[in-house]
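Got a structure here, written out as C-alpha cells. Questions coming.
The values are calculated or read from the model by the stated rules, or taken from the named source; none is laboratory data. Here the structure is a predicted model, which means the values were calculated and not measured. Reconstructed Cβ throughout: ideal geometry from the backbone, glycine too, with neighbour counts over all protein chains shown.
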Amino acid sequence: MFDAAVHAYLRSAAGEGARRAGPFTVRFDEHDDALPFNYAIPDDDVVPTAGEVGALVAFFRERDRVPRLEYVPQAAPKVEAAVLAAGFRAEGRYPLLVCTPDTVVDAPLDPAIEVAPVTADTGLWHAARVMNAAFDAPDATEHDVARMRRVLDRGGLVAVATDTTTGTAVGAGQIGGPHEGVAEVAGIAVATSHRRRGIAGAVTALLTRAGAPTAFLTPADDAAGRVYARVGYRKAGEMLHISLR
C-alpha cells in the first residue's frame, strides 16, 4: 500500500537524528526547534496505549519540542483517537499528492528564469536563503546548509531557480533520496518578488522528473495544490499533522 510506503520513507528520511519512543519513530533536530523538523511517525496499524502516548509527550517535552505527529491516518487508523484522548489537536489535514517522472508535466515558465540542480555550498546557501525567507524562518545558517547536504548525501536533489537578468536566486526546492522507490518533494519556495511566474511548478517538475520512481508532497493550501496539479500531481490520500500545545 502506498500509505505504508510513505511511512517507510518518512522513517528513513529521519536519518541519524531519528529516535524511538515506544511505537513511534521520532524525527528530531537538536539544532532547530521548527515544527517541520521535529515530529513522530507511528508504526503502521499500531494501537498506542495511554502510557505510550505519555512517553512520547515526555520525549518531546524533555527536549523542549512541541509534541507532534505527521503521518498518514490510513496507515495507522487507531492513532488519532489515542492522541486526541491525551489532549492533542489537529493542526491540519493535507492532501497527499503523488506523481511519477512519466506523468509529470512542464508548466509555462518565465523565460528569464533558469531552474537547475545545485550541489556546491554556494548553491545550497542560495536555496536555504530563499526557503527560509519564503517560510518566514530565521536567516539561513550553516545548519540549514548542512541539512541540505545530508539530503544530497542520501541521494536526494536540491534545485534553485535563478533570475538570469539579475543573477539572483528566486526559487528553490528539494526531493529526498528515494526509499523503496518513494521520495518526498519539499521546501518549494519562491521569492515574493517573483511569484506567479511559474517558478514553483518548474522547480517541482524538475525535482519530480529527476527524483524517485514515485514522488509525493503535501500542499499547505488549495493554491499550492493547484500549482502541483498543473504539473501532474494527483491526490492519493491524506496527511495529518497533530500536536499538543
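Of ALA186, ALA212, which residue is assigned by TED's automatic domain parsing to the domain that holds ARG129 and part of a strand (DSSP E or B)?
ALA186 is the lone residue from the list that is assigned by TED's automatic domain parsing to the domain that holds ARG129 and part of a strand (DSSP E or B).
If ALA82 meets every condition in (1) out of contact with any Asp or Glu (no Cβ under 9 Å at 6 or more places or on another chain); (2) at negative phi; (3) of a type outside the set (Phe, Trp, Tyr) apart from one, which number is that one?
Unmet for ALA82, out of (1) out of contact with any Asp or Glu (no Cβ under 9 Å at 6 or more places or on another chain); (2) at negative phi; (3) of a type outside the set (Phe, Trp, Tyr): (1).
Let me ask something else. Quick one: which of VAL145, VAL83 is among the hydrophobic types (A, V, I, L, M, F, W, C), assigned to a helix (DSSP H, G or I) and assigned by TED's automatic domain parsing to the domain that holds ASP32?
After ruling out the rest, the residue left standing is VAL83.
Within the stretch 158-189, restricting attention to residues that are more than 22 Å from VAL98 (Cβ to Cβ) and aliphatic (A, V, I, L, M), which residue is surrounded by the most Cβ atoms within 10 Å (Cβ to Cβ)?
ALA161
Can you name every residue in the stretch 111-126 that is crowded, with 17+ Cβ neighbours inside 10 Å and either under 23 Å from the mean Cα position of the chain (by Cα) or without any contact (Cβ under 8 Å) to a residue 40 or more places away in the chain (or both)?
Passing the criteria: VAL115, VAL118, GLY123, LEU124, TRP125, HIS126.
Which count do you get for residues in the stretch 51-75 that are charged (D, E, K, R) and either buried (at least 18 other Cβ atoms within 10 Å of the Cβ) or over 18 Å from ASP29 (Cα atoms) (or both)?
The qualifying residues number 4.
Let me ask another. Could you look through the stretch 214-245, keep only residues that are surrounded by fewer than 16 Cβ atoms within 10 Å (Cβ to Cβ) and either hydrophobic (A, V, I, L, M, F, W, C) or modelled with pLDDT under 95 (or both), and pick out the one that is farthest from the chain's Cα centre (by Cα)?
Within the stretch 214-245, the match that is farthest from the chain's Cα centre (by Cα) is ARG245.
Let me ask something additional. Name every residue in the stretch 86-110 that is without any contact (Cβ under 8 Å) to a residue 60 or more places away in the chain and either under 19 Å from ASP45 (Cβ atoms) or assigned by TED's automatic domain parsing to the domain that holds THR164 (or both), in order of residue number.
Within the stretch 86-110, none qualify.
Moving on to the next point. Is it the case that the stretch 176-183 has a residue that's in a strand (DSSP E or B), under 15 Å from PRO117 (Cβ atoms) and at pLDDT 95 or above?
yes
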